[in-house]
1. Which is open to solvent by 10 Å² or more (accessible area, probe 1.4 Å), at pLDDT below 95 and in contact with a strand residue (DSSP E or B) (Cβ under 9 Å, 6 or more places away or on another chain), of 87, 75?
2. Assuming residue 123 fulfils every condition listed in (1) more than 16 Å from the chain's Cα centre (by Cα); (2) open to solvent by less than 10 Å² (accessible area, probe 1.4 Å) apart from one, which condition is it?
3. Filter the stretch 92-119 down to residues that are over 22 Å from residue 35 (Cβ atoms) and over 13 Å from the mean Cα position of the chain (by Cα) and give me whichever is most open to solvent (accessible area, probe 1.4 Å).
4. Residues 199, 212: which one is buried (at least 17 other Cβ atoms within 10 Å of the Cβ), modelled with pLDDT of 95 or more and among the hydrophobic types (A, V, I, L, M, F, W, C)?
5. When the stretch 36-85 is examined, which residues are found to be within 17 Å of the chain's Cα centre (by Cα) and part of a helix (DSSP H, G or I)?
6. Which one is nearest to residue 82 (Cα to Cα), of the residues in the stretch 153-176 that are open to solvent by 10 Å² or more (accessible area, probe 1.4 Å) and part of a loop (DSSP other than H, G, I, E, B)?
7. Go through (1) of a type in the set (Val, Ile, Thr); (2) touching an Asp or Glu at 6+ places or on another chain (Cβ under 6 Å); (3) farther than 26 Å from residue 215 by Cα one by one and return the number of the condition residue 11 breaks.
Amino acid sequence: MDAVRGGAGIIVVMPTYQEADNIGVTLPRLLACCPEVDVLVVDDNSPDGTGALAEDMSSRNPRVHVIHRHARRGLGPAYVQGFRWSLEHGYDLICEMDMDGSHRPQDLARMLAVARGETHPGLVIGSRRVRGGRTQHWPWHRDLISRAGSWYARTALGSSVRDMTAGLRVYRADVLRRIDLGRVRSSGYVFQVDMLRRVQAMGVSVVEVPIVFVERVRGSSKMDAGIVLEAMAQVTLWGLERLTRRN
């Protein structure tokens with residue numbers, strides 16, 4: 001849609017691939033719980049028609065916007081394209097959120113209150129790993145992999161953030177403008193670690209807010225062994241670069 005509110009507004013960027021079973025549930029819940037936000041769906045040409053469903057919702061609701069991409073190119077590039085669109089349209093707070101229902105709108109609402117509070121942090125992370133945060137209905141092995149990955153990234157990069165791979169986030173627009181998004185090459189879930197290390201390298205304040213991360217009930221997770229190995233390899237390289245700079 002051409003008419004965009006923008007300007008001092010809040011937008012939630014939501015990449016999608018094969019989420020036709022979730023979009024009709026997740027978006028209405030988000031829009032009802034957070035009436036001040038707009039949504040930008042970035043669809044990677046989902047064969048199940050997710051993009052068409054998003055377009056239909058956009059035609060009926062001026063708060064919903066859609067970017068159609070021609071092929072599946074990964075989470076990172078989808079977010080980068082969504083960030084650029086949001087910056088071009090003048091939004092002040094730019095959020096990340098999954099479409100699969102694992103992120104609760106009420107948690108995002110609490111994070112937005114922190115983002116707009118007196119401390120005005122540059123990045124607010126919805127964290128499963130701080131007091132009050134947790135996962136719900138996750139199999140033990142997936143929780144173990146998530147905890148181990150976050151610990152490894154935190155140790156390798158010298159970060160104090162407990163949930164390094166968290167995907168529910170609120171960025172201030174001025175923080176994203178300071179990042180050269182054209183140099184962000186991470187594609188999979190390691191994109192979250194990449195963005196965090198860039199934010200922290202600028203000395204920007206980061207706040208973790210406890211959330212409940214719920215296992216999806218519809219569709220299948222995009223996480224696989226290849227994504228985990230890619231993340232470990234990339235974090236190892238960043239860690240070695242950090243040690244080299246220190247020496």
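1. That would be 75, the only listed residue that is open to solvent by 10 Å² or more (accessible area, probe 1.4 Å), at pLDDT below 95 and in contact with a strand residue (DSSP E or B) (Cβ under 9 Å, 6 or more places away or on another chain).
2. Residue 123 satisfies every listed condition except (1).
3. 118
4. Within the list 199, 212, the selection yields 199.
5. 75, 76, 77, 78, 79, 80, 81, 82, 83, 84, 85
6. So, considering only residues that are open to solvent by 10 Å² or more (accessible area, probe 1.4 Å) and part of a loop (DSSP other than H, G, I, E, B), the one nearest to residue 82 (Cα to Cα) is 167.
7. Only one criterion in (1) of a type in the set (Val, Ile, Thr); (2) touching an Asp or Glu at 6+ places or on another chain (Cβ under 6 Å); (3) farther than 26 Å from residue 215 by Cα is unmet by residue 11, namely (3).
This table checks each residue for (1) among the aliphatic types (A, V, I, L, M); (2) closer than 25 Å to residue 172 by Cβ.
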| position | (1), (2) |
| --- | --- |
| 11 | yes, yes |
| 20 | yes, no |
| 46 | no, no |
| 61 | no, no |
| 64 | yes, yes |
| 87 | yes, yes |
| 95 | no, yes |
| 98 | no, yes |
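The values are calculated or read from the model by the stated rules, or taken from the named source; none is laboratory data. It should be emphasised that the depicted structure is a prediction, and the values quoted were computed from it without experimental measurement. Glycine gets a Cβ as well: all are built from the backbone with ideal geometry, and neighbour counts include every protein chain shown. Note: areas computed on protein heavy atoms with side chains; ligands, DNA, RNA excluded. Shrake-Rupley method; radii C 1.70, N 1.55, O 1.52, S 1.80 Å.
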